[in-house]
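Please read the structure below before turning to the comments.
The numbers here are math on the coordinates, done by the rules we state, and not lab data. Values in this document were obtained by computation on a predicted structure and should not be read as measured data. We place every Cβ from the backbone using ideal geometry, glycine too, and count neighbours over all the protein chains shown.
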Amino acid sequence: MTKMTRNTPYRVAVWRPGDVGSVCIREAIRRPELEVVGAYVYSEHKDGVDIGTLVGKDPIGVVATRNLEQFLAIECDVVIYTALDFSGGPAEQDFVTLLKEGKNVITSLPYNYLPARSADVKQALLAASLEGGATFYASGVNPDFIGNRYVPLQTGLSNDVDSIKIEEYFDCEDQANTTTLEIIGLGAYFCPL
């Protein structure tokens with residue numbers, strides 16, 4: 001079997017480069033096998049800003065846009081979807097839009113086990129993928145991997161478990177987007193029943 005090699009970098013666009021998306025862009029900029037070719041932003045102050053500058057790096061000659069049509073017209077190999085996922089949020093419809101447009105999607109959101117999603121979501125993603133000839137890959141491990149998968153895996157051979165304690169540490173001192181912290185419950189008062 002012959003090994004196929006690629007002569008050009010993978011062209012990457014990022015959907016909503018907030019905290020996670022900025023990390024993805026910084027990593028993509030430093031890797032020779034990747035080329036950042038676009039970013040779709042929600043904030044007015046990010047529109048038209050060089051993507052490198054947006055993430056605290058040197059300019060790369062590509063600007064972010066708030067215009068969805070402009071973003072969808074970008075020729076890319078993959079869109080990395082990094083917008084927040086919350087109940088009633090637009091993530092599922094965003095995925096459908098991108099897939100129908102023929103954009104391969106990678107997301108850090110926890111959609112990695114579609115049988116656990118509603119039949120409507122599963123069918124919409126499948127139909128959009130087929131229509132656009134695109135693929136969907138979800139690599140999200142948080143929040144459902146640790147609590148719902150890892151702990152049962154690790155305790156599966158145990159006869160007796162007294163307690164399980166999961167701690168997550170996150171340096172949020174310089175967190176610019178406090179909405180993210182509120183969504184995951186930081187800053188909220190918890191009163192056990």
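Note on the range 70-132: along the principal axes its Cα atoms extend 32, 24, 18 Å, ordered by decreasing extent.
Dividing the mean sequence gap of close Cα pairs (under 8 Å, 6+ apart) by how many residues the range 10-138 holds gives a relative contact order of 23 percent.
Using the alpha-carbon positions of the range 10-138, Rg (one decimal) and Dmax (whole number) come out as 14.3, 44 Å.
Taking amide H positions as modeled 1.01 Å from N, with prolines and chain starts lacking one, the residues under 5 Å from V37 and 5 or more places away or on another chain are V12, A13. The packing ranking, built from the mean of other Cβ atoms within 10 Å per residue, places the peptides 38-45, 132-139 in the order 38-45, 132-139, highest first. Residues F95, F71, arranged from fewest to most other Cβ atoms within 10 angstrom of their Cβ, appear as F71, F95. Legend: distances between Cα atoms for K57/K103; K57/K122; K46/K103; pairs beyond 32 Å are K57/K122. Segment L68..H45, full-extension length gain: 6.7 nm, with 0.36 nm per residue of separation and the alpha-carbon distance subtracted. Between Q123 and S158, the simple spin-label model (points 7 angstrom out along Cα→Cβ) gives 4.1 nm. Taking amide H atoms as placed 1.01 Å from N in the peptide plane, the amide H of V105 lies under 5 Å from those of V79, T135, F136, Y137, each 5 or more residues away in sequence or on another chain.
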